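The values are calculated or read from the model by the stated rules, or taken from the named source; none is laboratory data. Please read these numbers as outputs of a predicted model, since none were measured by experiment. Positions of Cβ are generated from backbone atoms using ideal geometry, with glycine treated the same way; all protein chains shown enter the neighbour counts.
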Amino acid sequence: MLRSLIEHLHSTDPATQRSALVEALSLRRQDSSDDLFLALARLLFAENLVVRQLAATALVQLDCDRPVVLEDVLVSLRDDSTQIRENALRVLLRLPLGEVHRPAIVSLLQDANGLVRLRAAQVVWKHFRDEQAILGVVLAGLSSENPHELAQACQLAGEMPQQRQQLTPDLIRLLDHPAGTARSNALSALFRLIDDQEQVRSLAASRADDPDVVVRLVAARPLRSGGAA
């Protein structure tokens, strides 16, 4: 079955490629192989936009971590499609990167799309731990009106305790955001940034009656554990 699927992915007919890609999206991670991932990566250069987008999505959904796709994924960072650039960065989170790859990733910190910028910041943070390079992107993300960008920015902020002085004011502001997801993400990030357990408990108690159930659940964790979020 897998061999037949790979053969169809190698077809030059866009309809056959799309059909094979839909089938690939239904696979389990353990059913994959280097040959499958390489066939998907090669479709990142297909003329048909939908084929390229499906190929990038499949690499993400199958949790591709095979170095065999690295060079193709790096090239796809230059694709005109925002979706493809974002998914390529999500794949790069799982791949081994070195300093030679850094400029291609860092360049996307200036991307026109906010979510792409934040995905690039995730990759820079995971592989290079360069807080100064990504701080501006994270701060901008914390002021975004896009809920996906806000979520990614909060996640990154919570992993940067050395920048707590600059990040904390925006996270505290987000505790009054009208969207419960923004409040819960900001609260979770603050719990990871604050190193004074008494402050953590005080903050948790102040949010225990939030109208959003997820916020209340996040607030309950340090209260149950005596301060550790």
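Would the stretch 182-201 turn up any residue that is closer than 28 Å to LEU77 by Cβ and not charged (D, E, K, R)?
Among the residues of the stretch 182-201, at least one is closer than 28 Å to LEU77 by Cβ and not charged (D, E, K, R), which makes the answer yes.
Starting from the stretch 41-63, take each residue that is more than 11 Å from ILE84 (Cα to Cα) and of a type outside the set (A, V, I, L, M, F, W, C) and list its partners that are modelled with pLDDT under 95 and not in a loop (DSSP other than H, G, I, E, B), counting only C-beta distances under 9 angstrom and pairs at least six apart or across chains.
Short answer, once both residue conditions are applied: GLN61/ARG29; ASP63/ARG29.
Quick one: SER184 ticks every box in (1) surrounded by 13 or more Cβ atoms within 10 Å (Cβ to Cβ); (2) over 21 Å from ALA153 (Cβ atoms) bar one, so which box is it?
So the condition that SER184 fails would be (2).
Which of the residues that make up the stretch 187-211 are crowded, with 17+ Cβ neighbours inside 10 Å and touching a Lys or Arg at 6+ places or on another chain (Cβ under 8 Å)?
The answer is LEU187, PHE191, LEU193, ILE194, ALA204, ARG207, ASP210.
Quick one: ALA179 ticks every box in (1) surrounded by 16 or more Cβ atoms within 10 Å (Cβ to Cβ); (2) among the hydrophobic types (A, V, I, L, M, F, W, C); (3) outside the structural domain of LEU36 (by TED's automatic domain parsing) except a single one, so which number is it?
ALA179 satisfies all of (1) surrounded by 16 or more Cβ atoms within 10 Å (Cβ to Cβ); (2) among the hydrophobic types (A, V, I, L, M, F, W, C); (3) outside the structural domain of LEU36 (by TED's automatic domain parsing) except (1).
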